[in-house]
Amino acid sequence: MSHTIDLTLDGLSCGHCVKRVKESLEQRPDVDTAEVTIDHAVVTGSASADALIDTIKQAGYGAVLSHPKADPLTASTTPSEALTAAPSELRQLTTVMTANNC
């Protein structure tokens with residue numbers, strides 16, 4: 001089963017380094033594609049993350065799994081108190097905030 005693994009790379013400093021890591025990964029029979037930059041690799045295939053990291057280390061560089069990106073923030077289903085407050089309540093909130101900051 002094919003999957004995609006994102007890796008953060010360390011120790012690459014030029015195009016030669018990028019090429020060396022890319023070729024090392026692509027030589028693996030369990031790697032379909034490898035997109036490599038100086039600090040990041042996206043590898044598709046059936047290889048495990050540990051196997052890919054070991055391959056990169058054998059090529060002389062460092063690699064760790066990239067942290068997953070956080071899900072985008074969504075609007076709350078409960079309206080904010082400020083959005084549902086009456087105008088007089090908003091004036092009171094503003095007055096308290098201003099007085100406390102003086």
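Starting at 0 and stepping by 5 Å, how many percent of the alpha carbon pairs of the stretch 3-65 end up in each bin?
Calculated P(r), rounded to whole percents: 4, 23, 38, 26, 8, 1.
For the residue pair CYS14 and LEU65, what label-to-label distance in nm results when each label sits 7 Å from Cα along the Cα-to-beta-carbon direction?
3.4
How would you rank ASP6, ASP50, going from fewest to most other Cβ atoms within 10 Å of each one's own Cβ? Walk me through the numbers before you get to the answer.
Working: ASP6 15, ASP50 9.
Least to most surrounded, the residues fall as ASP50, ASP6.
A short reminder: the numbers here are calculations on the coordinates, not readings from a lab. As the structure is a prediction and not an experimental result, all values here were calculated from the model. Using ideal geometry, Cβ is built from the backbone for each residue, glycine included, and neighbour counts are taken over all protein chains shown.
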